[in-house]
Amino acid sequence: MKTPGYACLLLAIGFFMGGCSGDTPASWQRIVAERLPTYGHRNWILIADAAYPSQSRPGVETITTGEDQLKVLGQVLRMVGNMKHVRARAFVDKELAFVAEQDAPGISTYRDALRPLLGTQAVNTVLHEDLISRIDEASRTFDVLVLKTNLTLPYTSVFLELGCGYWSDEAESRLRESMTTE
């Protein structure tokens, strides 16, 4: 028979084992809204598929959203877009372009829906294992937020590397170049 004490014990165990993962679906939005003002260039936000691994490095925070990946991606991109101090550079798995519809029904529809969400910005394609390595390396020094969604298609995680919102890559290149000529 379940007693109130038993329910509290289960709740406590769930909290300690899952951290924020058991939060209500809307809580991931609150967490992103809280983290974005403190994030800057070199922080990462991942909008991951359901099978994305839980990384054990302390700099990686994983939140289970329980929501559709494209919906979460769209909301995160809007949230980042509303920030003046950061911008997002998108990375997708190189493997995504090669996943066959016969092996992953729905992948073509996903690819078609993904492109408009990412807009006109250049999307970087990198091998999945290389992206995992980049996240591992970045998390040694910088915070990484993983928003795990309910999508069950392979190689569909979207990696957003944050950059300075008020300083372009071109301006940085010009600065570095001028420093070498003096």
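Quick check on the chain: of the DSSP beta bridges with both residues there, what percent are antiparallel, nearest 5%? Don't skip to the end; give the middle numbers.
Numbers: 11 of 24 bridges.
Antiparallel bridges: around 45 percent, rounded to the nearest 5.
Neighbour counts of other C-beta atoms within 10 Å: give me Thr180, Thr64, Thr156, Thr149 arranged from fewest to most.
Working: Thr180 6, Thr64 21, Thr156 27, Thr149 24.
Listing Thr180, Thr64, Thr156, Thr149 from fewest to most nearby Cβ atoms yields Thr180, Thr64, Thr149, Thr156.
Is it possible to state the helix-based mean residue ellipticity at 222 nm for the chain, with each DSSP H run of 4+ residues giving -39500 (n - 2.57), the sum divided by total residues, to the nearest 500 deg cm²/dmol? What is it? Spell out each step's value before the answer.
Details: 6 runs with 72 residues, N = 182.
The helix-only estimate for the chain comes to -12500 deg cm²/dmol at 222 nm.
Roughly how tilted is helix 128-138, in degrees to the nearest 10 and between 0 and 90, from the longest Cα axis of the chain?
Helix 128-138 sits roughly 90 degrees off the main axis of the chain.
With everything on Cα atoms, drop me the angle between helix 107-118 and the longest principal axis of the chain, reported from 0 to 90° to the nearest 10.
Long axis of 107-118 versus the principal axis of the chain: about 60 degrees.
What angle, in degrees between 0 and 90 and rounded to the nearest 10, separates the Cα long axis of helix 69-81 from the longest principal axis of the Cα atoms of the chain?
Rounded to the nearest ten degrees, it is 50.
Only four residue types carry charge here, +1 at the Cβ of Lys and Arg and -1 at the Cβ of Asp and Glu. Report the dipole size of the chain about the Cα centre in Debye, rounded to the nearest 20.
On the way: 18 positive and 22 negative charges, 115 e Å.
It comes to approximately 560 debye.
Identify which of the listed values of percent of Cα pairs over 26 Å apart was calculated from the structure shown: [x] 40; [y] 33; [z] 37.
Computed from these coordinates, percent of Cα pairs over 26 Å apart corresponds to label [z].
Taking +1 at the Cβ of each Lys and Arg and -1 at the Cβ of each Asp and Glu, which of Val146, Trp28, Thr156 sits farthest along the dipole of the chain towards its positive end, judged by Cα position relative to the Cα centre?
So the residue furthest toward the plus end is Trp28.
Can you list which of the trypsin sites (Lys or Arg not before Pro) found in region 60-105 are DSSP loop residues with at most 15 other C-beta atoms within 10 Å?
On the way: sites: Lys71, Arg78, Lys84, Arg87, Arg89, Lys94; in loops: Lys84.
Here the trypsin sites (Lys or Arg not before Pro) that fit, given the DSSP loop and packing criteria, are Lys84.
Throughout, read-outs are computed from the coordinates displayed, never taken from laboratory work. Quick caveat, the model's predicted, so the values are computed rather than measured. All Cβ positions, glycine included, derive from the backbone under ideal geometry; neighbour counts span all protein chains shown.
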